[in-house]
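Asker: One structure coming up, written as structure tokens, with questions to follow.
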Amino acid sequence: MAKRSRRTRRLPGLHHRVYCIELHTKVRGERKFQRQNRYTTPSMTCLYVGSTGLDPAVRFENHLRGHKGCPLVQKYGLCLRPDLYADFPAMSWKDAVATEVAWAQELRELGYAVYQN
């Protein structure tokens, strides 16, 4: 069998994804979180929204072990929430960053307390 070139394996640059992680409610005590969520109620689910070029499960593990991760996720991360990001296709890095910001804002409007950096 002939070896496929790297170009035929995937579309260049379209491998970034947006992901969501549920955070423990104790994150509400963190000043960083409070700055982005001034008007939340205790009943709101706390989330972290990010983008990555890795598989979201691998990225979550990196957060938990502190490798290039958000300290709030390392300390308060509970689980991935694929129900909140599974519909997003793979995209370019630029599109993923823009989608991350927009999705974090939309989730806030839907009633979630969201940290995004």
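The values are calculated or read from the model by the stated rules, or taken from the named source; none is laboratory data. Here the structure is a predicted model, which means the values were calculated and not measured. So basically every Cβ, Gly included, is an ideal-geometry build from the backbone, and we count neighbours across all protein chains shown.
Asker: Select the helices (runs of 4 or more DSSP H) contained entirely in segment 4-117, then report the ones holding at least 3 residues which are of a type in the set (Gly, Ala, Ser).
Answerer: Values: elements: 6-9, 31-36, 56-65, 71-76, 93-109.
Answer list for segment 4-117: 93-109.
Asker: Give segment 31-43 a look and list any residue that's at pLDDT below 95 and crowded, with 17+ Cβ neighbours inside 10 Å, or say none.
Answerer: ASN37, THR40
Asker: Among ALA96, ALA104, which is the only one that is under 15 Å from GLY50 (Cβ atoms), surrounded by 13 or more Cβ atoms within 10 Å (Cβ to Cβ), among the hydrophobic types (A, V, I, L, M, F, W, C) and in contact with a Ser or Thr (Cβ under 6 Å, 6 or more places away or on another chain)?
Answerer: From the options ALA96, ALA104, the qualifying one is ALA96.
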